[in-house]
2 protein chains.
Amino acid sequence: MGEKPGYHVAVVGATGAVGERIIELLHETDMPLASVKLLASARSAGKKVSFKGETIEIEEAVPESFKGIDIALFSAGGSISKQLAPEAVKRGAVVVDNTSAYRMDENVPLVVPEVNANDLKKHQGIIANPNCSTIQMVAALKPIQDAFGMSRIIVSTYQAVSGSGATACTELENQSESYLQGTDMQADILPVKSDKKHYPIAFNALPQIDVFGENDYTFEEMKMVNETKKIMHAPELKVAATCVRLPFFRSHAESVYVEVEKEGLNAADIREILEKAPGVTVQDNPAEQDYPTPLSAEGRKEVFVGRIRKDLDESKGFHLWIVSDNLLKGAAWNTVQIAEQLAANHLLS
Amino acid sequence: MGEKPGYHVAVVGATGAVGERIIELLHETDMPLASVKLLASARSAGKKVSFKGETIEIEEAVPESFKGIDIALFSAGGSISKQLAPEAVKRGAVVVDNTSAYRMDENVPLVVPEVNANDLKKHQGIIANPNCSTIQMVAALKPIQDAFGMSRIIVSTYQAVSGSGATACTELENQSESYLQGTDMQADILPVKSDKKHYPIAFNALPQIDVFGENDYTFEEMKMVNETKKIMHAPELKVAATCVRLPFFRSHAESVYVEVEKEGLNAADIREILEKAPGVTVQDNPAEQDYPTPLSAEGRKEVFVGRIRKDLDESKGFHLWIVSDNLLKGAAWNTVQIAEQLAANHLLS
């Protein structure tokens, strides 16, 4: 792309569901781009992608790919990140990693820009993008914590199949067709491709996302617990999660109960804080049946909050319904936002 | 049906989704049946239903229908119950009402037989069958309350469309087909047929079941709150609910957080109590990915409990995943169980 001024950006995992969204978002970014390099596995190398009127050929991601790259956006699975992110850093790139590989590493900032952009300043080459279900929750809850304190979170999730990748979306489509035609549903991908058993997701609900840990919580549930405490800088915050996969394609929804520290608040106080919160849109008018749903949030960058209610018994307890597009704010958009913040704050070298 | 010894039973709403299940369950009941009368609206009168080798013609439900009836099982909507249940009682029948018309009436027992069968003794002609989402929750939680005390419940539901009747099932089917064919989805029934706005349920989630009350909770949510306290005889119990409609046909699932009163318990203690609980089946083996789902519970009478975990921070807190067929234990089966209990305990006159 010649000698344009700006940043040299690489996208690793350019052919995946999140990688494709990242490329779309790079079309629109205000960040000056000198060049965009698209990287993927050897299998995808040679494919061509059009970007701002130019044609970019996808290259195989190897250590040398990162020579001259300022910022590398990784979204190709944890093992690729573990293998290549250090190689990218060694060659002078700053990595924004969209996998779980480095999230709990104490030397790696875990960042939702609206929540803890300041943590970017401490980066040592790698910044982690949190788990999709965590991002949308902390984006809505951090402003409440800042205003009123927060002592506990109990969340039950309603998560889209695209969180398990494009093959899970195809599986939901195929199973739905089979069910409607009265034939058997084939299950090979969900709940977890590499796990022992697979169950149909079409017209069903699976209370398992990622594999089970020794404490009988799933890894997805523990990601929500641990990442939330890290991002919100709140090791003492009580967090409990139950994560459920559901038969829709895009956007995660969350039924969230929180207890604040300040006494005497009502739902209007929470609503007022959220209406001013960056990246958050309050969509909450029961009289008009106005509340967010997975379909209404699809393709949008914001985190939507509705069904804001005070608990009927607990004076510091509140309930919220938080919905956001898991591929955008939950992944690609948060990644591009981090890149923009790094650029704007001269943290790219 | 001649002069057989036993009870004369009427089913009101015989052509509805729940009425049809009640008729199926009456095929299997041990309760001696002298006759079965099937009642519905004038529109359905004249239709013929086969029952144990005989053909029964559906009659229009009018006050005189209940002459000679011992027990009338109502499942035809609240307004029919309000109009005809007193007429049935006046003519000597005992009514089991599957609508919300009488549930919170202090003279009407609200009964889940495994939980509070004793309340049947106080009946004055009408017994109410609780809301589907309440029944399965209290069936699982009452044994825990009895063993360890209980101070609070926070539930987020995952509810099937059949809770909104057969037309909602057809709507989900039609919308799913439209979506898969890439055409627009028509929404006329959900979330609430009589409400102002309708949204697609296919590949979506709607955080509204029944209409909104003045406190911004839905009626479904308040049913769970109020009915749970009444059935469990626990006016002081803290109960909070968020109710969500999802794109599957049968069985409700619930992510439930409870706090018990006894200190020092662990998940194994909860599991042990539930393994002995009547009507409850524990299905909880994370190592084998064994947990209940809406599809696995469909057509079964039990309440299934899985994902039993101790809270990570709160020593008296536990999480459970409760699933049951909303048309069976949530409606028809609980109704027939009440009838059987009334017969077994000579409470039918």
> Is it the case that some residue within segment B:205-216 is within 19 Å of the chain's Cα centre (by Cα), assigned to a helix (DSSP H, G or I), without any contact (Cβ under 8 Å) to a residue 60 or more places away in the chain and at the interface with chain A (Cβ under 7 Å from one of its Cβ atoms)?
Replying inline: no
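Test B:A168 against the stated conditions and say whether it is closer than 20 Å to A:Y257 by Cβ and either at pLDDT 95 or above or assigned to a strand (DSSP E or B) (or both).
On the way: closer than 20 Å to A:Y257 by Cβ: no; either at pLDDT 95 or above or assigned to a strand (DSSP E or B) (or both): yes.
The answer is no for B:A168.
Are any residues in segment A:298-315 more than 14 Å from the chain's Cα centre (by Cα) and either more than 10 Å from every other protein chain (Cβ to nearest Cβ) or closer than 17 Å to A:T157 by Cα (or both), and if so, which ones? Steps first, please.
Filtering segment A:298-315 for residues more than 14 Å from the chain's Cα centre (by Cα) gives A:304-315.
A:F304, A:V305, A:G306, A:R307, A:I308, A:S315 - these are the residues of segment A:298-315 that are more than 14 Å from the chain's Cα centre (by Cα) and either more than 10 Å from every other protein chain (Cβ to nearest Cβ) or closer than 17 Å to A:T157 by Cα (or both).
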> Does B:K52 satisfy the criteria of being within 22 Å of B:H346 (Cα to Cα), free of Cβ contacts under 8 Å to residues at least 60 places away in the same chain and of a type in the set (K, R)?
Replying inline: no
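Every residue, every condition in (1) without any contact (Cβ under 8 Å) to a residue 12 or more places away in the chain; (2) touching a Ser or Thr at 6+ places or on another chain (Cβ under 9 Å); (3) surrounded by fewer than 22 Cβ atoms within 10 Å (Cβ to Cβ), yes or no:
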| position | (1), (2), (3) |
| --- | --- |
| A:G77 | no, yes, yes |
| A:S81 | no, yes, no |
| A:E87 | no, yes, yes |
| A:G92 | no, yes, yes |
| A:V95 | no, yes, no |
| A:E114 | no, no, yes |
> Are there any pairs with C-beta distances below 7 angstrom linking a residue in segment B:139-162 that is away from every other protein chain (no Cβ under 11 Å) and over 30 Å from A:N204 (Cβ atoms) to a residue that is of a type in the set (K, R) and part of a loop (DSSP other than H, G, I, E, B), with the two at least 6 apart or on different chains, and if so which?
Replying inline: B:F148/B:K262; B:G149/B:K262
>> Tally up the residues in segment A:294-342 that are out of contact with any Gly (no Cβ under 9 Å at 6 or more places or on another chain) and among the β-branched types (V, I, T), please.
In response: 5
>> Please go through (1) within 27 Å of B:S151 (Cβ to Cβ); (2) surrounded by fewer than 23 Cβ atoms within 10 Å (Cβ to Cβ) for B:Q181 and return the number of the only condition it doesn't satisfy.
In response: (1)
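Pick out the one residue from B:P130, B:P143 that is assigned to a helix (DSSP H, G or I) and either at pLDDT 95 or above or surrounded by fewer than 20 Cβ atoms within 10 Å (Cβ to Cβ) (or both). Before you say what the answer is, go through the steps one by one.
Values: B:P130 fails: assigned to a helix (DSSP H, G or I).
Of the residues listed, the single one that is assigned to a helix (DSSP H, G or I) and either at pLDDT 95 or above or surrounded by fewer than 20 Cβ atoms within 10 Å (Cβ to Cβ) (or both) is B:P143.
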> Taking segment A:238-278, which residues are touching a strand residue (DSSP E or B) at 6+ places or on another chain (Cβ under 6 Å), closer than 21 Å to A:E302 by Cβ and away from chain B (no Cβ under 14 Å)?
Replying inline: A:L274, A:E275
> Got a sec? Which strands (runs of 3 or more DSSP E) wholly within segment A:21-105 have at least 1 residues that are over 14 Å from A:V9 (Cβ atoms)?
Replying inline: A:33-40, A:48-51, A:54-57, A:94-97
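Can you name the residue in segment A:249-307 that is of a type in the set (G, A, S) and assigned to a strand (DSSP E or B) and, of all such residues, is surrounded by the fewest Cβ atoms within 10 Å (Cβ to Cβ)? Walk me through it before giving the result.
The initial filter retains those residues of segment A:249-307 that are of a type in the set (G, A, S), namely A:251, A:253, A:255, A:264, A:267-268, A:277, A:279, A:287, A:296-297, A:299, A:306.
Subset that is assigned to a strand (DSSP E or B): A:253, A:255, A:306.
On the way: A:A253: 32, A:S255: 27, A:G306: 23.
The selected residue is A:G306.
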>> Go through (1) of a type outside the set (F, W, Y); (2) away from every other protein chain (no Cβ under 11 Å); (3) in a loop (DSSP other than H, G, I, E, B) for B:K197 and report which single condition fails.
In response: (2)
>> Between A:I58, A:I71, which is crowded, with 22+ Cβ neighbours inside 10 Å and modelled with pLDDT of 95 or more?
In response: A:I71
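The values are calculated or read from the model by the stated rules, or taken from the named source; none is laboratory data. All values derive from a computational prediction rather than experimental measurement. Neighbour counts run over all protein chains shown; Cβ positions are idealised from the backbone, glycine included.
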